[in-house]
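Inspection log for the structure reproduced underneath, given as structure tokens.
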Amino acid sequence: MKPAFQTVGEVATVDSGPAFKSAHFGGPDEGIRLLRGDNIEPGALRWTRTKTWPEAMLPGYEYLAIQEGDLILGMDRPLISSGLKLARARPSDLPALLVQRVARIRPHSINGAYLYYWLGSSKFQQHLKGSATGTQLPHVNLKSIKDFEVPRFGEAVEARIVNVLEDHLSRLDAGVDYLEAARRRAESYQRSARQFVLDSYEGDPAKLADLVEFVEAGKSLGSSAPPAGPDEWGIIKVSAMTWGQFRPDENKMIPAEKADSRYEIKPGDLLVSRANTSAYVGASVLVGETRPRLLLSDKSLRITPKEGVKAAWLQQVLQTPRSREQISDLSTGTKDSMRNISQKALLSICVPRLTPEQQTEMVARCRSASDQAAALERSVSVGLRRAKNLRRSLLAAAFSGRLTGAASDLERVEEIAADIVEAEAPEGVLV
């Protein structure tokens, strides 16, 4: 059946909110929640960093109230690595008020779930990419959202598409939940294995300061800029360091005249994140491959161990649960989004003093455990990528009318979607 088309603006009310004055903002449970871009993630609203508006100042803003079933789209950088910042408001998300740079899409003459799934298609994502403005912070406007076309098959057919999709997606989501749980188990195993290995050695306690020759921090060199090219000087961003992982491509360009080669990062450097989120403050990395002309920032520290102390061993020790607890207790800051640990505080944490031979043995044992966890992580990542592609294929197959609602659809859906692409969906809509 060939569909008719209507725009989002014809089947739903699309609006955004005003800029609320931050001087009146409160913390969680101090008023009505403000639904900001920070509160939107693919598939759900999150309220971990909540700003509120005083109930006494609600008069005049009632029209901004979110209702159950409203579709919420982040208008600033709507596409992130984990997907499209689109969610449906649930009862647990209420009450909340709409603010600027967030789109509220309220269906009025269309099945809300049908519209939600259609907007979750790759076709809508391509539309947003093509209409977004700005490079550092891509932004989409309300007109672009309203102008996007929706295929209409009739109320009964659209309800059937929703039922079939929800049946299949519920099973797919259960599989994703299982994979995410496996990822968490692998991370937990890695942390526990390090502590178990370390506890198997007997060593006198020592301050980190006793094992370190010196510590140096980089400099603050200006605001955000595009990433540096291969022949340009760059400075690492906070996102360059997570636990055991160094991402040299997470950097910003700086003028050559501001570059100080003394802070250039080299293979073998032991780096610690001085300022980061609560999960990553104090994160340590041992630099392997890196790019030239890449500098430390003021939010990172380079540690040079004393003779007889191996950098690889220190890096493993700093990742043990016991070290993490000390780092967490010593870090400062009122927000989980940015915690800090001073150089003095970091050097005060206690670690066991081991001989060079014990250090080498411990590193080998930890790396063996890490390799096992990494193998599981790779398998999980493959599964999650396949699930993401399968979800996209399900949408393509559903909106072309190729799903039957049988469990066997999941086994055939990638083949079905490939057939649709090859045939260019003459009787349907390719997503």
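The values are calculated or read from the model by the stated rules, or taken from the named source; none is laboratory data. The structure presented is a predicted model; accordingly, all values stated were derived computationally and were not measured. So basically every Cβ, Gly included, is an ideal-geometry build from the backbone, and we count neighbours across all protein chains shown. Each accessible area value is taken on the protein alone, full model and side chains, heavy atoms only, with ligands, DNA and RNA left out. Shrake-Rupley method; radii C 1.70, N 1.55, O 1.52, S 1.80 Å.
For the reader, a short list of remarks on this structure follows.
- Charged neighbours of Gly37, selected by a Cβ distance under 10 Å, balance to +2 (K, R count +1; D, E count -1).
- A dipole drawn for the chain from +1 and -1 charges on Cβ atoms has a positive end, and of Thr320, Tyr201, Val309 the residue lying farthest that way is Val309.
- Note, ³J(HN,Hα) from phi for segment 338-354, Karplus 6.51, -1.76, 1.60, rounded to Hz, x at Gly and Pro: 7, 10, 10, 10, 6, 4, 4, 5, 4, 5, 8, 5, 9, 9, x, 8, 10
- Net charge, Gly175 excluded, C-beta distance under 12 Å - Lys, Arg +1, Asp, Glu -1: +1
- Sparsely packed trypsin sites (Lys or Arg not before Pro) within segment 10-40, loop by DSSP, other Cβ within 10 Å at most 12: Lys21
- Annotation: the antiparallel percentage among DSSP beta bridges lying fully within the chain is about 90.
- As a length-normalised measure over Cα pairs under 8 Å and 6 or more apart, the relative contact order of segment 162-308 settles at 27 percent.
- Between 0 and 90°, nearest 10: helix 321-330 axis offset from the chain longest Cα axis: 90
- Gyration tensor verdict on segment 163-274 (Cα atoms; rounded if a/c is under 1.5, prolate if a/b is larger than b/c, oblate otherwise): oblate
- Eligible aspartates and glutamates near Lys252 by straight Cα distance, threshold 16 Å, same-chain separation 8 or greater: Asp231, Glu232, Asp260, Glu264, Asp298
- In range of the label at Lys344: residues from segment 293-319 whose backbone nitrogen is under 19 Å from the point 7 Å along Cα→Cβ: 299-302
- Loop-located trypsin sites (Lys or Arg not before Pro) in segment 260-325 whose Cβ has at most 13 other Cβ within 10 Å (DSSP): Lys306
- Cβ-placed point charges (K, R +1; D, E -1), dipole of segment 215-268 about Cα centre in debye, nearest 20: 160
- Principal-axis tilt of helix 122-131 within the chain, Cα atoms, nearest 10 degrees: 80
- 0 to 90° range, to nearest 10: angle between helix 356-399 axis and the chain longest Cα axis: 10
- Accessible-area composition of segment 211-335, carbon plus sulfur, in percent [1.4 Å probe]: 49
- Options His127, Tyr116, His24, ranked by Cα towards positive dipole end of segment 1-137, top entry (Cβ charges): His127
- Assigned charges on the beta-carbon of Lys, Arg, Asp, Glu; the chain dipole about Cα centre (debye): 700
- Segment 12-53 - accessible surface per residue (Å², probe 1.4 Å): 49
- Separation of the alpha carbons by more than 24 angstrom is noted, of Lys2/Lys123; Lys129/Lys335; Lys51/Lys237; Lys2/Lys146; Lys237/Lys344, for Lys129/Lys335; Lys51/Lys237.
- Two numbers describe the Cα atoms of the chain: Rg and Dmax, which are 25.7, 76 Å.
- Here segment 8-80 exposes an accessible surface that is 48 percent carbon and sulfur, computed with a 1.4 Å probe and the other protein chains kept in place.
- Positive end of the dipole of the chain (Cβ unit charges, origin at the Cα centre): among Ala4, Ser170, Leu98, the Cα lying farthest that way belongs to Leu98.
- Shape call, segment 1-94: gyration tensor on alpha carbons, a/c limit 1.5: prolate
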